[in-house]
1. For Val12, state whether it is more than 16 Å from ligand 2 (Cβ to nearest atom), in contact (Cβ under 8 Å) with a residue 40 or more places away in the chain and in contact with a Ser or Thr (Cβ under 7 Å, 6 or more places away or on another chain).
2. List the residue pairs whose Cβ atoms are under 6 Å apart, where the first residue sits in region 231-258 and is within 27 Å of Arg328 (Cα to Cα), the second is in a strand (DSSP E or B) and of a type in the set (Lys, Arg), and the two are 6 or more positions apart or on different chains.
3. Just to be sure before I move on: is Val112 farther than 27 Å from Ser254 by Cα and surrounded by 15 or more Cβ atoms within 10 Å (Cβ to Cβ) in the structure I sent?
4. Quick check on Asp132: is it within 16 Å of ligand 2 (Cβ to nearest atom) and farther than 17 Å from Val34 by Cβ?
5. Can you tell me which residues in region 46-80 are near ligand 1 (Cβ under 9 Å from one of its atoms), among the hydrophobic types (A, V, I, L, M, F, W, C) and more than 12 Å from Leu35 (Cα to Cα)?
6. If Gly167 meets every condition in (1) outside any strand (DSSP E or B); (2) within 30 Å of Leu28 (Cα to Cα) apart from one, which number is that one?
7. Among the residues of region 273-305, which ones are over 26 Å from Pro134 (Cβ atoms), among the aliphatic types (A, V, I, L, M) and free of Cβ contacts under 8 Å to residues at least 24 places away in the same chain?
8. Looking at this structure, is Val198 β-branched (Val, Ile, Thr) and crowded, with 16+ Cβ neighbours inside 10 Å?
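Bear in mind these aren't lab numbers, they're just calculated from the coordinates by the rules spelled out. Quick caveat, the model's predicted, so the values are computed rather than measured. Counting neighbours? That spans all protein chains shown, and the Cβs are built from the backbone with ideal geometry, glycine included.
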Amino acid sequence: MSDGFIRNQWYVAANADEVGDKPFGRVLCGEPVVLYRKRDGAVVALLDRCPHRKLPLSLGAVRGDEIRCGYHGVTLNAEGVCTAIPSQSGPVPKGFGVRAFPVVERHKLIFVWIGEPVRADERLIPDWSINDKPGWTTVFGYQHVAANHLLILDNLLDLTHLPFVHGAVLGGDGYAENALEVEIESDAVRLRRPMPDVAQSPLIVLTRKFAGQGNVDRAQTSSFKAPGYVFIGLWVGPLGKPDELAILYAVVNSVTPESERSSHYFWSVARSAALDDARVSAEFHRLTVAAFDQDRIVLEAQQRAIDRDASGAPLVNFRDDRAGVAARRIIARLLAEQEKMPRVA
Ligand code: FES
Ligand SMILES: [Fe+2]
């Protein structure tokens, strides 16, 4: 069965602080999932559909380590096994319950494996450790985007849109005019764009790290890892000193399909300067939300235009679409491999 999603992968289901002792529902790759925390803080992920009359369990309540359906009170434990049917005396029928999904909390994110549980391998979780690493201060956000996940990946992997979409908010000097180096590996794509002698972007100015220095040398490095992870490093250094070029801030992006036409977009921005300055954090957050709202408007309008387009004309690729095209190829290959994979119990 294929619904266009690679199932045997970890997907970000939530920012860690979205999940507490109240049920939290979110659809991942077409699967409704309810998340909650047990008393010890561990996160539980169950199918968000009561086995009785299919009311989403996320409309119910957490009771201790269990979740109780908000309709007729069926109660399920953290493994999804039904432990009580209030309207019926006698033992609960064996095997009555819902699916539990493998779930891991790491780097301030909740990762869920919607595929076959025996294939869930924690080594496949992306290294997003910059989110909670000493020496970095990070702000987090989430956006629901009414567009296919591949359009979001195109957007993240082709930053030549910066001056046109985000010029006023992020600045975009250096992107369109400097060539991108692209390296394609089997399951990953790496990019690098040196941007010598360019103006400081508003985020660089905010950190005050290069205050009074005018233009700086910059570089952008990005890497894509299937199914929807993009790390963008923004390197900045004083003019003409390549040894001092270092990541000043990084944007960590996790894209999780909700449906063919909608996606969850989790982001964080980690910076290595002005670490304890709450005003800088607030501004980093505000500017990033503003920029990603600009992207969302573009992405949702693209999706509507694609849906309405009966011409069958394909998307056209320019030079800097190489990374997005490579990411789409990797995803298509993994989907084809999934079709051939024997199902394991
Ligand atoms: S629908 Fe959940 S208990 Fe009836
Ligand atoms: Fe953008």
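1. So Val12 fits the description; yes.
2. Listed pairs, sorted by first residue: Tyr249/Arg271.
3. Here the answer is no, as Val112 does not meet what is asked.
4. No; evaluated as a whole, the condition is false for this residue.
5. The answer is Cys50, Leu55, Cys69, Val74.
6. Looking at each condition in turn, Gly167 falls short on (2).
7. The answer is Ile297, Ala301, Ala305.
8. Here the answer is yes, as Val198 does meet what is asked.
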